[in-house]
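First the structure, in the form of structure tokens, and then the observations on it.
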Amino acid sequence: MACARTLAALSAAALISPFLASAPAAAGTDPFLSYDRPATYEVRTERVSVPLRDGSHLACDLHRPVAEGRFPAIVYDYTAYDDLDNLALAAAYFVARGYNVAACNARGSGDSPGHLDPFSGQEQRDNYDLIEWLAVQPWSTGKVGQMGVSYGAHASLLVAVNKPPHLTAIIPIEGISDWYENTIYRGGIYSARIRDWQRSTAPDTLTTYARHPLYDDFWRERSVKARWKNLDIPVLEIAGWYDRYRQGMVENFQARPRNVWLVAGPWQHGLPYGQPADIGFGPYLAWWDRWLGGRRDAALREIWNGIRR
């Protein structure tokens with residue numbers, strides 16, 4: 001990859017000196033953290049049904065610029081939480097700057113039919129099909145990215161190791177390396193902390209997960225770690241020091257330092273937005289502008305502590 005040294009350098013700077021991202025002046029002085037450009041387009045939204053290879057479909061809200069022409073696409077926070085209205089507010093930032101954005105209900109959630117099985121092979125195949133559908137639409141350039149927080153971050157990483165041909169880059173925020181190790185059986189012990197989430201989101205997993213107390217193919221299917229060799233596209237990881245998944249994010253970086261950037265800060269689980277040392281939307285836009293939009297002026301070579309490509 002042409003920018004491998006740049007990626008590795010920023011990754012190392014963020015990993016070794018994460019305090020630099022938390023300095024109050026960083027966003028105002030660092031071109032990557034403060035990157036932005038004016039909104040150009042109005043936003044139009046429509047509900048679409050995205051066809052899947054098994055004949056089913058995903059319910060998605062598609063947000064597009066009000067303009068003729070082709071634009072890159074972003075899958076925004078692919079989850080089972082049926083939060084499409086709130087996702088539309090965040091999506092508008094990117095749409096106004098020239099991106100198509102799809103926010104979708106995972107199979108078995110919201111208006112998407114079927115059975116919900118978080119991070120399963122089926123969910124990964126559905127995500128793959130969504131990316132490839134977006135890529136071939138007449139209003140698409142064929143370049144697709146994916147980003148999300150927590151569930152959406154897990155989904156982004158997992159679909160990346162499935163290598164959809166048109167997936168170009170991802171931004172996982174508070175994601176995992178391994179669903180078994182990071183969440184369900186932490187230290188080999190079934191995590192009581194996760195059971196409320198299971199009951200409210202995917203109650204069937206209370207049974208299926210208990211049937212697999214040891215690490216087996218059931219968990220390998222839900223693991224990024226088991227397929228690290230396939231994680232070869234540009235990855236911008238956003239990790240919180242106080243988040244339960246920080247170790248998983250560090251592991252992904254350590255496994256793939258040439259194409260994974262790691263930005264860490266004093267954040268709890270969730271978006272850094274509104275938390276101390278909030279990095280805003282600038283780094284996300286810079287990432288998409290570079291890898292999806294092909295903008296050579298996107299501020300990726302300017303990194304902390306004066307380290308440059």
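Which FRET efficiency value, to the nearest 0.05, do you get for His115 and Thr29 by plugging their Cβ-Cβ distance into 1/(1 + (r/R0)^6) with R0 = 41 Å?
Efficiency computed from Cβ-Cβ geometry: 0.25.
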Correct option for Kirkwood radius over Cα pairs in Å [calculated from the coordinates] among [x] 24.6; [y] 19.5; [z] 20.9:
[y]
Between the alpha-carbon centers of the stretch 135-179 and the stretch 87-131, tell me the distance in whole angstrom.
10
Along the charge dipole of the chain, which of Ser109, Leu52, Ser140 sits closest to the positive end, that is, farthest toward it, with unit charges on the beta carbon of Lys, Arg, Asp and Glu (+1, +1, -1, -1)?
Ser140
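Arg70 to Ala255: extension gain in nm, 0.36 nm per residue of separation minus the Cα-Cα distance?
Taking Arg70 through Ala255 to full extension adds about 63.1 nm, to one decimal.
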Magnitude of the charge dipole, the stretch 103-143, Cβ model with Lys/Arg +1 and Asp/Glu -1, debye to 20
120
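Out of all DSSP beta bridges in the chain, what portion is antiparallel? Express it as a percent rounded to 5.
Taking every DSSP beta bridge within the chain, about 40 percent pair in antiparallel fashion.
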1/(1 + (r/R0)^6) with r = Cβ-Cβ of Leu206 and Asp85, R0 = 25 Å, i.e. FRET efficiency to nearest 0.05, evaluates to 0.30
Nearest-20 debye value, the chain charge dipole, Cβ charges on Lys, Arg, Asp, Glu
980
Loop-only check: which chymotrypsin sites (Phe, Trp or Tyr not before Pro) in the stretch 207-309 are DSSP coil with at most 14 other Cβ within 10 angstrom?
Trp241, Tyr242, Tyr273
Of the peptides 35-45, 132-142, how do they stack up when ordered by the mean number of other Cβ atoms within 10 Å, highest first?
132-142, 35-45
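How large is the dipole of the stretch 165-309 about the Cα centre if only Lys and Arg carry +1 and Asp and Glu carry -1, each at its Cβ, rounded to the nearest 20 debye?
Magnitude of the dipole: close to 320 debye.
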Given the whole protein assembly as supplied and a 1.4 Å probe, what does the accessible area of Asp217 come to in Å², nearest 10?
110
Would you look at the GNM of the chain, springs on alpha carbons closer than 10 Å, and say which of Ile131, Ile233, Ile171 moves the most?
Ile233
With the chain treated as a Gaussian network of Cα nodes joined by springs under 10 Å, which of Leu33, Leu231, Leu214 yields the largest mean-square fluctuation?
Leu214
Work from the charge dipole of the stretch 73-170 (Cβ charges, +1 for Lys and Arg, -1 for Asp and Glu, about the Cα centre) and give the residue of Tyr78, Gly98, Ser150 farthest towards its positive end.
Gly98
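The values are calculated or read from the model by the stated rules, or taken from the named source; none is laboratory data. It should be emphasised that the depicted structure is a prediction, and the values quoted were computed from it without experimental measurement. Glycine gets a Cβ as well: all are built from the backbone with ideal geometry, and neighbour counts include every protein chain shown. For accessibility, only protein heavy atoms count, side chains too; no ligands or nucleic acids. Shrake-Rupley method; radii C 1.70, N 1.55, O 1.52, S 1.80 Å.
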